[in-house]
Amino acid sequence: MTEIPILSLITFLPLVGAFFILLIRGDEETAARNAKYTALYTSLFTFGLSVYMFCKFNGDLASFQFVEKYEWFSDLNIAYRMGVDGISVFFVMLSTLLMPICILAGWKSIKTRVKEYLAAFLVLETFMIGTFCALDIFLFYVFFEAVLIPMFLIIGIWGGPRRVYSAFKFFLYTLLGSVLMLLAMFSLYFTVGSSDITQLMNLHLPLSAQIWLWLAFFASFAVKMPMWPVHTWLPDAHVEAPTAGSVILAGVLLKMGGYGFLRFSLPLLPEASAYFSDLVFWLSIVAIVYTSLVALVQTDMKKMIAYSSVAHMGFVTLGIFTANVYGIQGAIFQMISHGIISGALFLIIGVVYDRLHTREIAQYGGIVKNMPKYAVVFMLFMLGSVGLPGTSGFVGEFLSLLGIFKVNTVIATFATSGVILGATYMLLLYRNVVFGKVTNKEAAKMKDLNGREIACFAPLIVLVLLLGILPNLVLDKTEATVTRLVERYNTSIELSQVAGEQNDIAPASGYRNADMLAGEPHRPANLDANASMKHDTMKQEKKDDAHVVSDVAGKGGES
Amino acid sequence: MEVIAIFAPLFGFLLAGLFGKGLTDKGSQFITCLCVIAAAVISCSMFFDVVLDGHTRIVDLVSWITVGEFTVNWALRFDQLSVIMMCVITVVSSCVHVYSIGYMSHDACKSRFMAYLSLFTFAMLMLVTADNLLQLFFGWEGVGLASYLLIGFWNHKDSANAASMKAFIVNRVGDFGLALGIMATFVVFGSIEFETIFAHAADMADVSFEFWGGSYHALTVIGLLLFMGAVGKSAQLGLHVWLPDAMEGPTPVSALIHAATMVTAGVFLVARFSPLYEYAPIALQTVCIFGGITAFVAATIGMTQFDIKRVIAYSTMSQLGYMFFALGVSAYGAAMFHLVTHAFFKALLFLGAGSVIHAMSDEQDMRNMGGIWKKIPTTYVLMWIGSLALAGVPFFAGYYSKDIILESAWADGSWFGSMAFWLGIAAAFMTAFYSWRLIIMTFHGKPRAEEKVMAHIHESPAVMLVPLFVLAFGALFSGKLLYDGFVGSAHHGSAVATHAGDTETHADVSLKEMEKSLHGAESASHDDAHNADHDDAHTQDEDAHHDDVAADDGHAASHGDAHAGPQFWADSLVVLPENDTVEAAHSVPLWVKKLPIVVGGVGILFAYIVYMWSSGLAKFFTTVFRPLYLLFFNKWYFDEIYNALFTRSAFVFGKIFSIMDKKLVDGLGPDGLSKLSLRVAAVLSRAQSGFLFHYAFIMIVAAVAILSWFVLIRPELF
């Protein structure tokens, strides 16, 4: 890695752009125009660099690539460490892809403090990319928290009428979670003496310690995700944020929670993750069903999509904590796909909001007549959101469900019912906005998509279809990393159980007893006959055994 | 070549959909028709290659999803089952495409309509040629999408929008089961590729599977979950509520999607999975019971409806019920047979009804029709042919296929087989009754329409009638031609079954003769295909049709062969020897063979008595059997019950939850906290302003909290 420090370059280039934007002087109009072009070119150039990085990225390796390390607090063994693996590389790509689109989206609609607005977005981009590239927990924390500042400003300054309330809600929620995470990080740091994530991964903590750390991390990531019941900041934040803010919020910021689970909870605290997996499953199910129903009765377009985001993130958390390769691959794919689709849906709402300045669904209707192109684009992303096969939405959802089906069929059944509800509210939204009779004359006068808007949507349309038809473009690159993550996870679960640590703490769910029972001679024949099971993850086998064994026991034994 | 057959409609969809304006209406119509007819020509030529010569093959396109053990490819599977489906789909679709040129001539969005039809055809072809469950699911949802778009084609109508949403969502309920079935298949078989599943189905016959805490017979669970998908798509009782509403779509759509092809996808699915269902008797039993009851219930509703399209829609549902109970008694060949003949005569009936509606200036209520048969004689005759085939009058297509189903059900000997048989007999009576009720109310009696409408009545243009002739040909002859191949007896010589009225003995035909005629037909078809290239859309359609007929001829001849049945389907359908009801159906008692004809005849007669000769009788029956009549007329109150149970409660829960979000979650959580912190902050920051200060403030609070935590709880660190 003696080459150029490409990750740092990608990370800090937007910051440089933001710096130059703030230097721009001149009369307001010229300054605004120059600032826009500066921001656009900066973000496009950053995207170009990230594409270059992506092409150089070797999907066969499970380790971190493009690693950089500079001393920071060398006495304390805290360093500036950057690197990407198969998981984070896609989040970097997602951030760099959405940013130029966001800048284009606000091209006309932002009229006040344009320079500051653009600078805030570029700063935000730096922090987002930094979060995904950081390989040091404190560096991660700095970026992770810093993201809040520009986002807080974007909602608070350029947002809607209730922007201050929403901004504070957003801020308080996420910050409270983060404080706990910081505590956990300190604790990890003091235990290991290093803040290097790669070193922390080799750590084996007792389950009792893992549980507290896990909860602390969970507090932060669950809010970010957001999981039920700490999701209520999201609808408010979305409703008040400007279009581009919503796009970034839904497209990238929510993914930080999922990324955090994958980067910290699973690899660092595997036993606690297994211990709490049932809790996460049930919270996810509630999120999927509950928020889908809530979405159904919303009268505000943005709120509806915001709630749908919570439901979609439910699939992600389900997938991650299945801790098998299907679930995790599905979760990652779902996050990427949701980043594209929900981003696009917020853009779609932005298009009509720019024209009619209302998000009330009732104010629209019958606009397919005057906006046919818009109707087609909306239809496509609506279908992506409901997970129609052939769009990227399907692949992530299906793989997550497949993962959870292998672990727990009850949860899988509930989660799959979300597919029905998801279709219901999205079709309802589409019908009320695009189809039907024209009720608002102003709505009937709206102009169809212009060139700038089509340019915003075009890359997203291509991606939704491309990833739906050839999802292996993503899955191939994430596979090595995910496989290693799952292997490590299983190994540590196994090790801990061999060590008999389950005596330390009372088992919370049935499968913690699995290993003791699994060794017994009467393994039911039907599972042996089932050859397909053998390649499954270790944990899964144990769970199955546990189920079977307990069933057998329930039926009075089997000789 | 065979890949072109699948992707030509997609090409047509993309061209007409994206460049519809540039191409003009005529251009889009020409291109989409051309693409579909090309697909039809290729499909029918494949009939010889794949079905008759047994050259089944799988064409791998590109890998789709690879995760761990889960590998899925985009691949096309061409075997007997899929090619027969391809022929049906492309031929009917070609007819409907051409018919639509005439039917939609007054509509503003012609190219959009043609594009949707082509999209549907593509998705349906993907469904039937899928070589794994996920691709099947792709086609399955794809046809659902096309159906949604086409039902809601007139998107300014609220009723159309509501119907299209209902169709999509009710289908999603079925898809929910199908999706779970796919996952269960993967967990049990470790693969979702058909080859692997079918090869290992027998080994898995005793495997049990953990589902919802219990341990169940794996194949039964999978079978039932997949069947749930079929129930949704094929409008079987319980998830049928979308089909009648789907009649909001333009009539060609009803003919193509909601009669001939999409709704039969469920039948196809179960037939495709015959290797699996054969080892899941309870799943089959369920299929049979659902089918029998659906056939009966739908027929009762069909007798009371007044909307001409809805009558035919319920009739479709009822006929699908027949197919399902045939599947349920392992008579897969019989079900597929009925699927094919039904596709012809039901598409004919729908398009004929469309022709009537077109003539009557978009009137659909039969109470406002009557006395028009002299004005539109061609349509009248065509409707007669369709109805005769539907009612199972001897020598029409439906007669062969419906009888073999009923005979198979009886031959099964099980209680559910007999139940299905008697329900089927009852439905056969009602089918004949409502078919002639439709004909009499629509065409006979005094004109009940307004004079203005009556004056305007005209026979449809040729572009609409020619496709009807093609379908009528199928409704007349497909039964006879396909009988031996689809459900012919496997026994040689002495055990030859004599189908009632069908005295042709298979053994008489020598192999040599068959081969000769087969090759004759083949070369003829190639000529046709060749000529077609130089002709315009119309003649091509006819050629395609000739081709099909030629194929039928060839096939009928070749399967005069004694071992016709099993060879014809080869490995694409699997029936265990002890379940071979189609075989047993050839030796049922005479009364079982004759009964459907008798009740059919009585039904027709009854319709004449009630609606033609004794006008007061209809009223008499509705008053005497009022509760029963109301039950049928109100469709057994399914819509009302579902509305109360699901739709309303979903919205009620949605409202409750959104209030909970505001009051409970927010009230206790952030709002309370933020109020508190804002109050504190307001006090502290009176002199200051700006958000950054708040941030700094909170950071300080946090830092203090952290420090105190360490000091108090982990003092050893300091």
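The values are calculated or read from the model by the stated rules, or taken from the named source; none is laboratory data. These figures come from a predicted structure and were not determined experimentally. All Cβ positions, glycine included, derive from the backbone under ideal geometry; neighbour counts span all protein chains shown.
Yes/no matrix, rows are residues, columns are (1) facing chain A (nearest Cβ under 7 Å); (2) surrounded by 22 or more Cβ atoms within 10 Å (Cβ to Cβ); (3) of a type in the set (Ser, Thr, Tyr); (4) in a helix (DSSP H, G or I):
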{"position": "B:PHE138", "(1), (2), (3), (4)": "yes, yes, no, yes"}
{"position": "B:GLY144", "(1), (2), (3), (4)": "no, yes, no, yes"}
{"position": "B:SER147", "(1), (2), (3), (4)": "no, yes, yes, yes"}
{"position": "B:SER159", "(1), (2), (3), (4)": "no, no, yes, yes"}
{"position": "B:ALA167", "(1), (2), (3), (4)": "no, yes, no, yes"}
{"position": "B:VAL173", "(1), (2), (3), (4)": "yes, no, no, yes"}
{"position": "B:ALA179", "(1), (2), (3), (4)": "yes, yes, no, yes"}
{"position": "B:ILE182", "(1), (2), (3), (4)": "no, yes, no, yes"}
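Pairing residues of the stretch A:275-294 that are within 14 Å of chain B (Cβ to nearest Cβ) with residues that are part of a helix (DSSP H, G or I) and basic (Lys, Arg), at Cβ distances under 9 Å and at least 6 apart in sequence or on separate chains, gives A:LEU293/B:LYS655; A:VAL294/A:LYS303; A:VAL294/B:LYS655.
Has the stretch A:328-342 got any residue that is touching a residue at least 12 places away in the same chain (Cβ under 8 Å) and either more than 23 Å from A:PHE398 (Cα to Cα) or touching a strand residue (DSSP E or B) at 6+ places or on another chain (Cβ under 6 Å) (or both)? Yes, some residue in the stretch A:328-342 is touching a residue at least 12 places away in the same chain (Cβ under 8 Å) and either more than 23 Å from A:PHE398 (Cα to Cα) or touching a strand residue (DSSP E or B) at 6+ places or on another chain (Cβ under 6 Å) (or both).
Quick check: is even one residue across the stretch A:19-30 of a type in the set (Lys, Arg) and buried (at least 16 other Cβ atoms within 10 Å of the Cβ)? No; the residues of the stretch A:19-30 include none that is of a type in the set (Lys, Arg) and buried (at least 16 other Cβ atoms within 10 Å of the Cβ). When B:THR316, B:THR300, B:THR341 are checked against the criterion of being at pLDDT 90 or above, over 19 Å from B:SER254 (Cβ atoms) and of a type in the set (Ser, Thr, Tyr), a single residue qualifies: B:THR300. Flag: A:ILE248 does not match the condition of being more than 24 Å from A:LEU463 (Cα to Cα), assigned to a helix (DSSP H, G or I), at pLDDT 85 or above and more than 14 Å from chain B (Cβ to nearest Cβ). Among residues of the stretch B:438-450 that are of a type in the set (Lys, Arg) and surrounded by fewer than 20 Cβ atoms within 10 Å (Cβ to Cβ), those with a beta-carbon under 7 Å from a residue that is assigned to a helix (DSSP H, G or I) and at pLDDT 80 or above at least six positions away or on a different chain give the pairs B:ARG448/B:ARG367; B:ARG448/B:ASN368.
Taken together, the criteria exclude B:LEU423 from residues that are touching a residue at least 60 places away in the same chain (Cβ under 8 Å), in a helix (DSSP H, G or I), under 24 Å from the mean Cα position of the chain (by Cα) and within 22 Å of B:TYR103 (Cα to Cα).
Each row is one residue, and each column tells you yes or no for (1) part of a helix (DSSP H, G or I); (2) basic (Lys, Arg); (3) away from every other protein chain (no Cβ under 14 Å).
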position: B:HIS55; (1), (2), (3): no, no, yes
position: B:VAL62; (1), (2), (3): no, no, no
position: B:THR71; (1), (2), (3): no, no, no
position: B:LEU76; (1), (2), (3): no, no, yes
position: B:SER93; (1), (2), (3): yes, no, yes
position: B:MET114; (1), (2), (3): yes, no, yes
position: B:LEU134; (1), (2), (3): yes, no, no
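Taken over the stretch A:63-97, the criterion of being under 12 Å from A:CYS133 (Cα atoms) and part of a helix (DSSP H, G or I) is satisfied by A:SER88, A:VAL89, A:PHE90, A:PHE91, A:VAL92, A:MET93, A:SER95.
Here A:VAL368 meets each of (1) aliphatic (A, V, I, L, M); (2) within 13 Å of chain B (Cβ to nearest Cβ); (3) more than 22 Å from A:LEU98 (Cα to Cα); (4) buried (at least 24 other Cβ atoms within 10 Å of the Cβ) with one exception, condition (4). Is the stretch A:402-420 home to any residue that is facing another protein chain (nearest Cβ under 8 Å), part of a helix (DSSP H, G or I), over 27 Å from B:LYS166 (Cβ atoms) and touching a residue at least 12 places away in the same chain (Cβ under 8 Å)? Yes, because at least one residue in the stretch A:402-420 is facing another protein chain (nearest Cβ under 8 Å), part of a helix (DSSP H, G or I), over 27 Å from B:LYS166 (Cβ atoms) and touching a residue at least 12 places away in the same chain (Cβ under 8 Å). Just one of (1) surrounded by fewer than 23 Cβ atoms within 10 Å (Cβ to Cβ); (2) of a type outside the set (Val, Ile, Thr); (3) facing another protein chain (nearest Cβ under 7 Å) fails for B:GLU195. It is (3). Against the list (1) in a helix (DSSP H, G or I); (2) within 30 Å of B:PHE646 (Cα to Cα); (3) out of contact with any Lys or Arg (no Cβ under 7 Å at 6 or more places or on another chain), the condition A:ALA480 fails is (2). In the stretch A:195-214 there is no residue matching the filter, namely being buried (at least 23 other Cβ atoms within 10 Å of the Cβ), under 16 Å from the mean Cα position of the chain (by Cα) and at pLDDT 85 or above. Selection over the stretch A:428-466 of residues that are within 11 Å of chain B (Cβ to nearest Cβ) and either touching a Phe, Trp or Tyr at 6+ places or on another chain (Cβ under 8 Å) or of a type in the set (Gly, Ala, Ser) (or both) gives a count of 4.
So which residues in the stretch A:153-176 are part of a helix (DSSP H, G or I) and farther than 21 Å from A:VAL230 by Cα, if there are any at all? Listed by number, the residues that qualify are A:LEU153, A:ILE154, A:ILE157, A:TRP158. Condition check for B:ALA455 on (1) closer than 20 Å to B:ASP307 by Cα; (2) surrounded by fewer than 17 Cβ atoms within 10 Å (Cβ to Cβ): one failure, at (1). Applying the condition of being crowded, with 23+ Cβ neighbours inside 10 Å and more than 9 Å from chain A (Cβ to nearest Cβ) to the stretch B:198-224 and asking which residue is nearest to the chain's Cα centre (by Cα) yields B:GLY223.
The set of residues from the stretch A:389-401 being at the interface with chain B (Cβ under 7 Å from one of its Cβ atoms), assigned to a helix (DSSP H, G or I) and farther than 18 Å from B:LEU225 by Cβ comprises A:VAL395, A:LEU399. Taking the numbered list (1) touching a residue at least 60 places away in the same chain (Cβ under 8 Å); (2) crowded, with 23+ Cβ neighbours inside 10 Å; (3) in contact with a Ser or Thr (Cβ under 9 Å, 6 or more places away or on another chain); (4) within 23 Å of A:SER308 (Cβ to Cβ) in turn, A:THR174 passes all entries but (1). Checked across the stretch B:261-275, the condition of being without any contact (Cβ under 8 Å) to a residue 60 or more places away in the chain, closer than 30 Å to B:GLY370 by Cβ, among the β-branched types (Val, Ile, Thr) and crowded, with 24+ Cβ neighbours inside 10 Å holds for at least one residue.
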